[in-house]
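Asks: Sharing a structure, written as C-alpha cells. Questions coming.
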C-alpha cells in the first residue's frame, strides 16, 4: 500500500512555477498541458516541507551557516544509495548545476578553448560554452534506431585534432536517459587523462535510476577518472525541490580541487543559503521512502506511455530510459519537419513538450516528454497525441 499520493492533480498556476506560469513566454500560449521542463507535478515529501516550516516559525532570518549535519547528509546519502564514498574536503556547495558548469568552464578554460559535448544533450551545455566564448566540439551519440551509444572513436579523433580543454559529460544522459557503463566511462577517463582534459560530469539524474539499476559516478570508475573529474549533483530532480537551489560538487583530486575551491570560496560561490541546507538535509535523511514510491510510479508511467503508443499511435516510438522521468519520443516516421511536428503537438494536441532540436540537430524528429505527472494527466496527453496524429494521417 502506497504511503504517498502521486495521483492527485495539484493546481500549480500562480505559484511562479516556470512549468505553468512560463508557458506564454516559452510557447506563446497558455491553454496547453505542460509536460516539458524537468520538474515533477507531485507533492514534495512531507518531511521536507515540515523541516522548512519549523525553521520559518522562528521570527529571525539572519545570516546562516551550513551545519555539519548538512554536509554529512550528502556524504551519507551517496554512500548508502550509490556506494560512492566522499569526504567533507572533497565536497562543496554550488548555486545550481548549470551554474556549477559555468564556474568550472570559467576557471579551468580560456576563451577560444574547445569543450566537448555529446548531442543530443541538455541544451544549457552548449549555451554555457558559447556564452563564455569557448568552442563547442560535438561528439554526437550513435543511434541505431533503437539504442544510443557513445562514439568513442569519434571522441578520440576530436581529442587528437582539436585538443579540447574540457568535456561536459551527462551521466545519466539527458534527454536519452542512459546510465553509461563502467567500460565506457573508463575509456572516456583514459582518453581525457592522456590529453590533460577536465571532465565535468553532470550527475543530477543519478538518484533516478530505474529497473533496479545502480548509478555509476564517473569519478568512481578509475584512477584516471579521479584525476580529471569535477562531479555535479543535487537533490533537486530527486526530490522535486529545484526551487531550493541545493546543488553540490565533488572534486577528489587535491591538485584539481585546491585552487578551484579557493576561487569558489573567495567569491562566495560556495555559500549555501538557509533553505538550501534545511531542505536538502531533510530530503537526504528522510526522503528515501518517498523517492522509492515516486520512482515506482514513474516506472509505471513509462510503461504506460510505451504500451499506449505501441497500441494506438503507430509511427511514434519511445526510447525507454534507464534513469529519470524524461522520455525521448521518436516521431520521425511521420515524415514531418521539426516545425510541422511542434505545430502538431502544440496547436493540434495542445501539449507543451520540449522540442528535440533544442538538444542539437541530432534531435530533429524527436521531442522530450516529462512523465512525472499524475497518470490521468498523462493519459489525456496521450489521447491528444493519438487524435492529432489520426487527423494528420486522415488529411494526408
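The values are calculated or read from the model by the stated rules, or taken from the named source; none is laboratory data. Everything numeric in this text was worked out from a predicted model, so none of it was measured. When we count neighbours, we look across all protein chains shown, and the Cβ atoms used for this are built from the backbone with ideal geometry, even at glycine.
Asks: In this structure, is residue 38 within 29 Å of residue 270 (Cα to Cα) and assigned by TED's automatic domain parsing to the domain that holds residue 345?
Replies: Values: within 29 Å of residue 270 (Cα to Cα): yes; assigned by TED's automatic domain parsing to the domain that holds residue 345: yes.
Judged against the criteria, residue 38 is a match.
Asks: Working only within the stretch 101-121, note down all residues that are touching a strand residue (DSSP E or B) at 6+ places or on another chain (Cβ under 6 Å), surrounded by 24 or more Cβ atoms within 10 Å (Cβ to Cβ) and assigned to a loop (DSSP other than H, G, I, E, B).
Replies: 121
Asks: Moving on. Give me the residue from the stretch 385-396 that is in contact (Cβ under 8 Å) with a residue 60 or more places away in the chain and closer than 15 Å to residue 343 by Cβ and, out of that set, surrounded by the fewest Cβ atoms within 10 Å (Cβ to Cβ). Steps first, please.
Replies: Here is the first cut: in the stretch 385-396, the ones in contact (Cβ under 8 Å) with a residue 60 or more places away in the chain are 385-386, 389.
Filter once more, so that each one left must be closer than 15 Å to residue 343 by Cβ: 385, 389.
Working: 385: 25, 389: 22.
So the residue we want is 389.
Asks: In addition: Does residue 338 qualify as being under 24 Å from the mean Cα position of the chain (by Cα) and at pLDDT 95 or above? Steps first, please.
Replies: Details: under 24 Å from the mean Cα position of the chain (by Cα): yes; at pLDDT 95 or above: yes.
Yes; evaluated as a whole, the condition is true for this residue.
Asks: In the stretch 312-326, is there at least one residue being in contact (Cβ under 8 Å) with a residue 60 or more places away in the chain, part of a helix (DSSP H, G or I) and out of contact with any helix residue (DSSP H, G or I) (no Cβ under 7 Å at 6 or more places or on another chain)? Before you say what the answer is, go through the steps one by one.
Replies: Residues of the stretch 312-326 that are in contact (Cβ under 8 Å) with a residue 60 or more places away in the chain, as a first pass: 312-313, 315-316, 319-326.
Right, trim to part of a helix (DSSP H, G or I) and you get 312.
Narrowing the set further to residues that are out of contact with any helix residue (DSSP H, G or I) (no Cβ under 7 Å at 6 or more places or on another chain) leaves none.
No, there is no match, as no residue in the stretch 312-326 is in contact (Cβ under 8 Å) with a residue 60 or more places away in the chain, part of a helix (DSSP H, G or I) and out of contact with any helix residue (DSSP H, G or I) (no Cβ under 7 Å at 6 or more places or on another chain).
Asks: Got a sec? Which of 270, 347 is assigned by TED's automatic domain parsing to the domain that holds residue 385, at pLDDT 95 or above and farther than 22 Å from residue 144 by Cα?
Replies: Selected residue: 347, the only one of 270, 347 that is assigned by TED's automatic domain parsing to the domain that holds residue 385, at pLDDT 95 or above and farther than 22 Å from residue 144 by Cα.
Asks: Taking the stretch 359-384, which residues are farther than 19 Å from residue 306 by Cα and surrounded by 15 or more Cβ atoms within 10 Å (Cβ to Cβ)? Steps first, please.
Replies: To start, the set of residues in the stretch 359-384 that are farther than 19 Å from residue 306 by Cα comprises 359-364.
Those that are farther than 19 Å from residue 306 by Cα and surrounded by 15 or more Cβ atoms within 10 Å (Cβ to Cβ): 359, 360, 362, 363, 364.
Asks: Out of 241, 278, report the one residue that is under 20 Å from residue 17 (Cβ atoms), at pLDDT 95 or above and in contact with a helix residue (DSSP H, G or I) (Cβ under 6 Å, 6 or more places away or on another chain). Give the steps one after another, and end with the answer.
Replies: Working: 278 fails: under 20 Å from residue 17 (Cβ atoms).
Being under 20 Å from residue 17 (Cβ atoms), at pLDDT 95 or above and in contact with a helix residue (DSSP H, G or I) (Cβ under 6 Å, 6 or more places away or on another chain) holds for just one of 241, 278, which is 241.
Asks: Can you tell me which residues in the stretch 261-287 are without any contact (Cβ under 8 Å) to a residue 24 or more places away in the chain and buried (at least 17 other Cβ atoms within 10 Å of the Cβ)?
Replies: Result: no residue meets the conditions.
Asks: Here is a further query. Check 55, 81 and return the single one that is in a helix (DSSP H, G or I), under 30 Å from residue 188 (Cα atoms) and in contact (Cβ under 8 Å) with a residue 60 or more places away in the chain. Give the derivation first.
Replies: On the way: 55 fails: under 30 Å from residue 188 (Cα atoms).
From the options 55, 81, the qualifying one is 81.
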